[in-house]
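J.: Starting off with a structure, shown below.
The values are calculated or read from the model by the stated rules, or taken from the named source; none is laboratory data. Predicted model, so just to flag it, every value in this text is computed and none were measured. We place every Cβ from the backbone using ideal geometry, glycine too, and count neighbours over all the protein chains shown. The protein model used for the area step is the full one, side chains on, heavy atoms only, and it has no ligands, DNA or RNA in it. Shrake-Rupley method; radii C 1.70, N 1.55, O 1.52, S 1.80 Å.
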Amino acid sequence: MTSLSKTYYVSSKTGNDSNDGLTSESAFASLFAINHRSLQPGDQVLLERGCVFHGQYLHVTDSGSEEAPIVIGAYGEGDAPRIEACGQGIWYQNYGAPLDSPTHVYHGYVSSAVLLYDAEYIIVENLEITNEADEIIGEYYSLGDKMNRTGVAVVAKDKGVRHGITLRNLLIHDVNGNVYDKHMNNGGIYMTALRPECEEVTGVARYKDVTVERCFVYQVSRWGIAVGYTYAHEKFQGAELDEAIFLKYGHENIRICDNYVKAAGGDGITSMYALRPLVEHNMTDSIACEINDRIYSEPADRLGKVAAAIWPWKCKDALFRYNEGADTRLNQDGMAYDADSGDGTIYEYNYSRQNEGGCVMFCLQEAIHNTFRNNVSFDDLGGTISPAENPDALIRDNIFYVRKGVPFVRKNMDGGNYTLEKNQIVDLEN
């Protein structure tokens, strides 16, 4: 905090929006009072524990500083304050150009309970967040054109590099997003970079110094946690990824740690377009629970009936360690770990258990220089590994506990090159 910073209190039980909000005795009543204010470096916005903010949302466009970040959190005693967006908090997302596949939706309206739009040096912590849509007229769960919804959405667009985004100790659940739209701000936590109006003036929109930690995300659609798809995806063509491209167009110092994602409709935890992201001590359970014919029933021309638990997309030297993936549901992917179209991905000291699509995939021709070492796979199903046309992979010093009848290489998911060294394969009794 600075000598000029303020602390704003918000209480749905005792507050009034005509108050000044500067003490707990003169708290605001609603989040709308915060949305209408300009926050300064060092300011705090504290929601009273035990309060419910029904049909409300918190959208922030202001920034703190490295020395004095803006903090959004809680005060008092009891349960975490709960933001129930109920499909409100609508904004328009537009990447500014089609994505890497013409089947991916790249613009449309999004509902977000918490939105950080071109903000930086900001901490959001100790909140409970939902975004259900049961009362939206004319909408049903599997509707193809259903609105995208997010618990927490983070956007970089017109202010260049966005630094210092921290999301911690958040309970995010019951987010009724669109199961078909992979790269809109859609799901529990989703961070994106959109094309600036004038990139030559404002600079490339991207992230540096992002932390997502100790969050519990469950029953969300589509994604659990994703950081962060970018409009600049065309800069990351080919298999060999130059570090200089990341320093100009990608994300730096991304940490996704100590989170638990359960029952995400699609993918669990993903880092995207990041240089040396660290993804550690996370757990996923029952991922891809909506990627099935029963729920994923109106995709039209979308191509996206694939999902895995914990994986990178177009990253360089990504490190995944001490994670656990269990009970990922069967789909065209359905495995715990997936080294996907990246350069130098390392998986080490991870655990996987009873994932219906297997333990790990090395995905297609642009998945290169990957290492899978010192991991344990217990009773993964369908086929333990999926070397799917990848040029190379080193699989070393792992222990694979394999059920009788389950092939080590998944059927129709082969054709890639890999080297096995010093692994143990242990037969499990039925």
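J.: From the list 22, 116, 99, exactly one residue is open to solvent by less than 10 Å² (accessible area, probe 1.4 Å) and among the hydrophobic types (A, V, I, L, M, F, W, C). Which is it?
T.: On inspection, the qualifying residue turns out to be 116.
J.: From the residues in the stretch 383-406 that are more than 22 Å from residue 344 (Cα to Cα) and modelled with pLDDT of 95 or more, which one is surrounded by the most Cβ atoms within 10 Å (Cβ to Cβ)?
T.: 400
J.: Right, next: Which residue pairs have Cβ atoms closer than 9 Å, lie 6 or more positions apart in sequence or on different chains, and pair a first residue in the stretch 198-215 that is open to solvent by 50 Å² or more (accessible area, probe 1.4 Å) with a second residue that is modelled with pLDDT of 95 or more and among the polar types (S, T, N, Q)?
T.: 208/253; 209/166; 209/253; 214/169; 214/259
J.: From 130, 192, which residue is over 24 Å from residue 277 (Cα atoms) and buried (at least 17 other Cβ atoms within 10 Å of the Cβ)?
T.: Criteria check complete, one pass: 130.
J.: Can I ask one more? Take residue 425 and tell me if it is among the aliphatic types (A, V, I, L, M), in a strand (DSSP E or B) and open to solvent by less than 10 Å² (accessible area, probe 1.4 Å).
T.: Against the criterion (among the aliphatic types (A, V, I, L, M), in a strand (DSSP E or B) and open to solvent by less than 10 Å² (accessible area, probe 1.4 Å)), residue 425 does not qualify.
J.: Taking the stretch 62-86 as the search range and keeping residues that are in contact with a Ser or Thr (Cβ under 8 Å, 6 or more places away or on another chain) and assigned to a strand (DSSP E or B), which one is most open to solvent (accessible area, probe 1.4 Å)?
T.: 82
J.: Spot the failing condition for residue 104; the list is (1) within 18 Å of the chain's Cα centre (by Cα); (2) in a loop (DSSP other than H, G, I, E, B); (3) modelled with pLDDT of 95 or more; (4) not aliphatic (A, V, I, L, M), and only one is missed.
T.: Of everything listed in (1) within 18 Å of the chain's Cα centre (by Cα); (2) in a loop (DSSP other than H, G, I, E, B); (3) modelled with pLDDT of 95 or more; (4) not aliphatic (A, V, I, L, M), residue 104 misses just condition (3).
J.: Tell me, please, whether a residue that is under 15 Å from the mean Cα position of the chain (by Cα) and not charged (D, E, K, R) can be found in the stretch 139-147.
T.: No; the residues of the stretch 139-147 include none that is under 15 Å from the mean Cα position of the chain (by Cα) and not charged (D, E, K, R).
J.: Among 57, 92, which is the only one that is of a type in the set (Phe, Trp, Tyr) and either modelled with pLDDT under 95 or over 14 Å from residue 151 (Cα atoms) (or both)?
T.: Just one listed residue meets the conditions, 92.
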